[in-house]
1. Which FRET efficiency, nearest 0.05, do Asn404 and Lys259 yield, Cβ-Cβ r, R0 25 Å?
2. I need to check one value: relative contact order of the chain, counting alpha carbon pairs closer than 8 Å and at least 6 residues apart, in percent.
3. Treating cross-link reach as a plain straight distance, find the lysines whose alpha-carbon is under 17 Å from the alpha-carbon of Lys372, omitting any fewer than eight places away in the same chain.
4. Over 32 Å between Cα atoms: which of Lys63/Lys145; Lys130/Lys259; Lys130/Lys492; Lys63/Lys499; Lys335/Lys492 fall into that group?
5. Can you give the % of DSSP beta bridges in the stretch 261-408 that are antiparallel, to the nearest 5?
6. Within the stretch 136-176, name every residue whose backbone N is under 19 Å away from a label modeled 7 Å from Cα of Lys96 along the Cβ vector.
7. How many nm is it between the label spots at Ser421 and Asp191, if each spot is 7 Å from the Cα in line with the beta carbon?
8. If you take the Cα Rg of the stretch 81-233 and divide it by 2.2 N^0.38 Å, with N the number of residues, what do you get?
Amino acid sequence: MEPETSSSSVYFLITLLVLNLVIVRVLSVSAAADNNYTRLDFPLDFVFGSGTSAYQVEGAANKDGRTPSIWDAFAHAGFAHGENGDVACDGYHRYKEDVQLMVETGLEAYRFSISWSRLIPNGRGQVNPKGLQYYNNFINELISKGIQPHATLHNYDLPQALDDKYGGWVSRDIIRDFTKYADVCFREFGDRVKYWTTVNEPNVFSLGGYDQGNAPPQRCSPPFCLTNSTRGNSTIEPYLAVHHILLSHSSAVRLYRRKYRGHQHGFVGISVYTMGGFRPHTNTEKDKVASQRAYDFMVGWIMEPLVHGDYPISMKENAGRRIPVFTNHESQQVKDSYDFIGVIHYNDINVTDNSDALNTNLRDFIADMAAKLIFGQGLFSEEEYPVTPWSLRELLDKFKLLYNNPPIFIHENGQRTASNSTLQDESRVKYLHGYIGAVLDALRNGSNIRGYFAWSFLDLFELLDGYRSSFGLYYVDRNDPELKRYPKLSAKWYSQFLKGTKSSLVGAIELEKDASLISVGNLFQ
């Protein structure tokens, strides 16, 4: 399907998708509700893992040559309840201990991010030997323990020096600097790292960071700011940031394919934050159209250029001249510039029409979308997510139909609980059980899924919540000077699943009853 696809063709595809989902629901036996699936039901080359990101886990923020990133500045400006990642989980010093926990858990792969400002403190120029040594040591430790490393180059943490110098992602200068940074990473680590993600969830990063101002680098303009930011332009900067991210991503992919893939044999992709099936809130035609428009704005914004070389028609119509235009050369470079897509999914979403927003003269991304997103309980609070695994299943089916069934890794999927609530996190077990089952359903229906990473391995510093909510399989005792890690019920369930035990929820509840087993010393006995 080319960008000029007619409206009738679009509706035909949507009809096919709806019919496909109905048929699948009627005829298939859902693994999400099946208590008997095991690791052995997945292909041998399918990988299961967990993940973290640099600023959330490493700590040592001011050590060994690392300089601040935009996330440091955001945290120290008082967001995330005034907490920060200066220490975090101290993964910088405790990585061997953490890798050993990965081994005991049975992880097959581990997803992490590289701190650009630790590796290249000024964002460009000289490499920091201490940062280079740390990542070499960490990657070597993973490899030595048989754990496949999956590395992300940017996760909300652009070096502050580049944001100060030219505005970071709103400037075309970032394309050159990001490509050079990627070159350093490919050259130094690519003999061992085979899976590279360029930018983590650029859609919500740009929306939060450049429209609403509630994420790094906190750029926005009134009346659209959710913070007191005094810089930025919400009407154009989200579009600019994503445009430059896509051009930077495609530049890094071209570099890898030309210079490294022949002898390193690796793969480069990008991850997208997704929000379930984008279902119409009511059965009205307006809400049905709005749900498709919201999907275009939130997911198609990234996927359409990668697959078809241009932004969705609805975005170009509503944003007009405020959305950048790809030249023919750029369009060809961005198109097909991925070896896999990382899917980030937590929660379901309903959509209702808000076309009146288009009648205002001053608009931002949200107004252009002309739709209101109605999230399930828990997205912007410390409450738990509803367990709706069918939303992930439907999303994966949609990717298969609309985007030529690309290779997919589920990069983040996990349950939020209140911090320090309990080690008996049965709700997280139920969540993982349901969503892993949905992945198996999608696999059986032909989706090209290559791996699943539970978010997160440890309780981390979260972007908005700080340390007040947790996603970890392991609790980190922040009152202990040694930041001791304690396994939760979910860690034991995931471990047993990875080692071939049936994924029964009944079994999980039995694990919970035997609370005396839940300790570091005897979890894996």
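1. Details: r = 26 Å, r/R0 = 1.06.
Taking R0 as 25 Å, the efficiency between Asn404 and Lys259 is 0.40.
2. 18 percent
3. Lys286, Lys288
4. Numbers: Lys63/Lys145 27 Å; Lys130/Lys259 26 Å; Lys130/Lys492 35 Å; Lys63/Lys499 38 Å; Lys335/Lys492 42 Å.
The pairs that break the limit, which is 32 Å between Cα atoms, are Lys130/Lys492; Lys63/Lys499; Lys335/Lys492.
5. Bridges in the stretch 261-408 that DSSP calls antiparallel: roughly 35 percent.
6. What the label zone holds, given the 19 Å backbone N cut-off, is 136-147.
7. 4.6 nm
8. Values: Rg = 17.0 Å, N = 153, 2.2 N^0.38 = 14.9 Å.
For the stretch 81-233, the normalised Cα radius of gyration comes out at 1.15.
The numbers here are math on the coordinates, done by the rules we state, and not lab data. Please read these numbers as outputs of a predicted model, since none were measured by experiment. We place every Cβ from the backbone using ideal geometry, glycine too, and count neighbours over all the protein chains shown.
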